[in-house]
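Colleague: I am attaching a structure below and will ask some questions about it afterwards.
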Amino acid sequence: MTTRGPRPLAVGDAVPEREHGPVTQTDIVRFAGAGGDFNPLHHDSTFTEKAGFDTVIAMGQMQAGMLAGWLTDWCGVEHLRELDVRFRAPVRLGAVLRFTGEVTALTELDGEPVAELVLRAAVGTDEVVRGTALVAQA
C-alpha cells in the first residue's frame, strides 16, 4: 500500500479550482437515495413553488460532499483533520458550482503541523457554501 505524504504548504497557497455541473435532477435523486433525504424540496416542483422557490433545490449535504471530495482529491483524505461547512444559499437545478480554497494560516493540532484553509463553493458570484478545514502539512 502506498500513501501520499502531506503537502508542503504556505499561507496564500491556493487549492486548484474545480467546477461541477450543471446540477441535474438525476444528481439530486441519486444523492437523496444514497443519503435518505427525501424532503420534497429536492424532488417535487409543485411543493417547491409553494415554498417560494422557482425550482427544486439540492440538499446542502450534496454540496458539502462535493466540496469534501474536491479538497481530499488535492490533499489526500488521509491528511484531512477537520472540515466545517456553512450553507449560505440554495443550489438550484442547472447550477454550476465553482470550488476555491486558500491556505490562511499554519498551526498545530495535537502537536501535528496543519494548515488552515478557507473553502468556498459559488454559483456565479454567489457563495453557496463556505467551509474551513485543517489538513496535515509537511
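Colleague: Applying the selection to segment 95-115, what residues are of a type outside the set (A, V, I, L, M) and under 17 Å from the mean Cα position of the chain (by Cα)?
Modeller: Of everything in segment 95-115, those that are of a type outside the set (A, V, I, L, M) and under 17 Å from the mean Cα position of the chain (by Cα) turn out to be Arg98, Phe99, Thr100, Gly101, Glu102.
Colleague: Looking only at residues in segment 69-123 that are surrounded by 18 or more Cβ atoms within 10 Å (Cβ to Cβ) and among the β-branched types (Val, Ile, Thr), which one is farthest from Gly12 (Cα to Cα)?
Modeller: Across segment 69-123, the extreme among qualifying residues is Val91.
Colleague: Exactly one of these conditions fails for Ala32: (1) within 20 Å of Leu119 (Cα to Cα); (2) within 17 Å of the chain's Cα centre (by Cα). Give me its number.
Modeller: The failed condition is (1).
Colleague: Any residue in segment 20-42 that's at negative phi: show its pairings with residues that are acidic (Asp, Glu) at Cβ separation under 8 Å, as long as the two are six or more apart or on different chains.
Modeller: Taking only residues 6 or more apart or on different chains, the pairs are Phe31/Asp37.
Colleague: Of the numbered conditions (1) within 14 Å of the chain's Cα centre (by Cα); (2) within 20 Å of Asp27 (Cβ to Cβ), Val118 satisfies every one except a single condition; which is it?
Modeller: (2)
Colleague: Hey, can you tell me all the residues within segment 35-55 that are closer than 28 Å to Val118 by Cα and either among the hydroxyl-bearing types (Ser, Thr, Tyr) or surrounded by 15 or more Cβ atoms within 10 Å (Cβ to Cβ) (or both)?
Modeller: Correct list: Asp37, His42.
Colleague: From the list Thr48, Thr55, exactly one residue is touching a strand residue (DSSP E or B) at 6+ places or on another chain (Cβ under 8 Å), among the polar types (S, T, N, Q) and without any contact (Cβ under 8 Å) to a residue 24 or more places away in the chain. Which is it?
Modeller: That would be Thr48, the only listed residue that is touching a strand residue (DSSP E or B) at 6+ places or on another chain (Cβ under 8 Å), among the polar types (S, T, N, Q) and without any contact (Cβ under 8 Å) to a residue 24 or more places away in the chain.
Colleague: Let me ask something additional. Test Ala32 against the criterion of being of a type in the set (A, V, I, L, M), surrounded by 13 or more Cβ atoms within 10 Å (Cβ to Cβ) and at pLDDT 95 or above, and give yes or no.
Modeller: So Ala32 does not fit the description; no.
Colleague: Kindly list the number of the only condition in (1) in a helix (DSSP H, G or I); (2) under 14 Å from the mean Cα position of the chain (by Cα) that fails for Leu83.
Modeller: Among (1) in a helix (DSSP H, G or I); (2) under 14 Å from the mean Cα position of the chain (by Cα), the lone unmet condition for Leu83 is (1).
Colleague: So, Thr132, is that one loosely packed, with under 15 Cβ neighbours inside 10 Å and not aliphatic (A, V, I, L, M) or not?
Modeller: no
The values are calculated or read from the model by the stated rules, or taken from the named source; none is laboratory data. This one's a predicted model, so the numbers in the text were calculated from it and none came from an experiment. Every residue, glycine among them, receives a Cβ derived from its backbone with ideal geometry; neighbour counts consider all protein chains shown.
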